[in-house]
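Notes follow the structure.
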Amino acid sequence: MNSCIFVLADGARPDVLSNLLQKGDLPTIERYLIEPGSYRTMVSVIPATTGPAYLPFLTGCYPGTCNMPGIRWFDRKTSRQQRFSLYKFRSYVGFESYMYNHDISKDVKTIFELTDNAVNIFSSINRGVGFWGNKTKLRRGIHWLRAHYTANWQKTDATCEKILLRVIGKNHQFIFALFPSIDTLSHLTHPTSEIVLDAYRRLDDSVGKVVRHLQKLGKLEETLIILTSDHGLSQTHTHLGLVDLIKNLGLKTLFYPLIFKWNPQAVVMESGNGMANLYFRVGERWDEPCYYHHLRRYGPGKIDLIDFLGQREEIALLVSRDVTGNIIVNSRDGEAKISLVNNQIQYQILSGKDPFGYADFPVQTDFDNSLELTFDTDYPDAIMQLIQIFRSPRTGDLLVSAKEGFDLRTRFENPEHKSSHGSLHKSHLLVPYVSNVKITAQRKLRTVDVFPSMLKLLGLSIGNQPTDGRSFIE
């Protein structure tokens, strides 16, 4: 393959895509991508949110490896070292989205840096794309602001299509095209509303125009076309005000957009809004992480934060770490411990039932088998996802994963989210992958596997680039 066109249908769900394919509503995707190529369901990453969940495609690395644990985060190290800093906390919802490229770990390279004459359309993560290759560097913010207040995300998709057709055939080795409307319109309605289904159908029309343009240029056979998604969504019927819950414990709490709090005791950073990173100060400074034993007896009042939050109907899972680095998972049903020893997962039920609801998960296994065993459960690949997210120093002391149908943010979310994502639940983590090239690997796949596969098909070497994925082109 000489070049790659990567179409990201933000928020597309594999079950919705499959239903539309069965009805014949996506004829171009069926004929020109699936028939000669592949259609598989993959597991994405946590946080399953716009931005961090792009990183596997663009870097081959998990968000934890990239030091990007959410669309909002707090950096206790920077807070400890600098009283006044622009880098103590972040929300990529708004103008701070322009800080993505700065904030991603410098140890990883993006595909924009590894390909020739790359093009970006609408992605806020575009490090290395070059001035002329970033076709929406000036207009992205304008488009997002206008669509936010008008709800006309169809126009943003149409702009993406227009730019994409204009750059095809101009010797660009990699083109990244973001179509946002499935995600944004799902937030406004629900994942199977008619306006959202129309967004899938319009996407099929756009793919048709791309295919016809490539045919006219005689380049269809030499162009890798990928259509995929970063996360799914689930309909939201109830919002939990997690910030208010923490504040009502008497803790001085920092949260977006009210970020100017001097030396807070707690920090709440939601993503999606199906998950949240919670940070708690131990003592008078942010020097020490707040470990599991601290969370069980927090502050002067000796509050059991895990028990307090775990009783909430809206919360499915709570995840923390002990002082030795083990990951502790709590649900209303039970408690488990995840350890990593010599690149092998060790898993132990500490009390009650398996918090993920897994049946007979082995005491020790490897990463691939963990995915195989959990792929068809309510929490696919959850163990690996928790291991990767805690690689980031910015990850919270306590991760909160909402129950399906609920999310974790009430105030300052305008317009109201009627669908959410971000959590460990399968409705958020499973995504479709469609390509005009056949997948030869028979194993279950993660989105981090796409990056090394693209490079292999383009004839490029990963070199010293760290990668968490493995090519499915054998």
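Placing +1 on each Lys and Arg Cβ and -1 on each Asp and Glu Cβ, with no other charges, gives the range 159-317 a dipole about its Cα centre of roughly 480 debye. When you filter the GluC sites (Glu not before Pro) in the range 276-377 for DSSP loop state and at most 15 other Cβ atoms inside 10 Å of their Cβ, you are left with Glu284, Glu313. When each of Lys444, Lys438 is scored by the number of other beta-carbon atoms lying within 10 Å, the sequence from fewest to most is Lys438, Lys444.
Which whole-angstrom value gives the distance between the alpha carbon centres of the range 227-253 and the range 300-369? Measuring centre to centre over Cα atoms gives 20 Å. Between Glu194 and Arg166, the contour length at 0.36 nm per residue exceeds the Cα-Cα span by 7.1 nm. Each of Val341, Leu227, Thr374 was placed along the dipole of the chain (beta-carbon charges, centred on the mean Cα), and the one lying farthest toward the positive end is Leu227.
Can you compute the charge dipole magnitude of the range 238-420 about its Cα centre, using +1 on each Lys and Arg Cβ and -1 on each Asp and Glu Cβ, nothing else charged? Give it in debye, rounded to the nearest 20.
960
Taking other C-beta atoms within 10 Å as the exposure proxy, Ser229, Ser427, Ser18 rank Ser18, Ser427, Ser229 from fewest upward. Determine which lysines satisfy two conditions relative to Lys438: a Cα distance under 27 Å, and not lying fewer than 8 residues away in the same chain. Counting by Cα, and skipping residues close in sequence, Lys438 has these lysines nearby: Lys23, Lys109, Lys170, Lys209, Lys216, Lys219, Lys426, Lys456. Placing a pseudo-label 7 Å from each Cα along the Cα-to-Cβ vector at Glu413 and Asp205 gives an inter-label distance of 3.2 nm. Think of each Lys and Arg Cβ as +1 and each Asp and Glu Cβ as -1; about the Cα centre, that makes the dipole of the chain roughly 1580 debye. The range 90-115 and the range 175-213 have Cα centres separated by 25 Å.
Taking other residues whose beta carbon is less than 14 angstrom from the beta carbon of Ser18, and scoring Lys, Arg as +1 and Asp, Glu as -1, yields -1.
Of the trypsin sites (Lys or Arg not before Pro) in the range 38-131, which ones lie in a loop per DSSP and count no more than 10 other C-beta atoms within 10 Å? If you can, show how the numbers build up before the last one.
Values: sites: Arg40, Arg72, Arg76, Lys77, Arg80, Arg83, Lys88, Arg90, Lys106, Lys109, Arg127; in loops: Arg83, Lys88, Lys106, Lys109, Arg127.
Here the sparse-neighbourhood loop sites are Arg83, Lys106.
Inter-label distance, Ile462 to Ala441: 0.9 nm, where each label sits 7 Å from its Cα along the C-beta direction.
Dividing the Cα radius of gyration of the range 389-462 by its Kirkwood radius returns 1.09 for Rg/Rh. Membrane-span-like helices in the chain (whole DSSP H runs, Cα extent of at least 24 Å along the helix axis, mean Kyte-Doolittle hydropathy of at least -1.0): 194-217.
Of Asp354, Asp360, the sequence from fewest to most neighbouring Cβ atoms within 10 angstrom is Asp360, Asp354.
All of the numbers you see were taken from the coordinates with simple rules; none came from a lab. Keep in mind it's a predicted model, so treat the numbers as computed, not measured. As a convention, Cβ positions derive from the backbone with ideal geometry for all residues, glycine included, and neighbour counts pool all protein chains shown.
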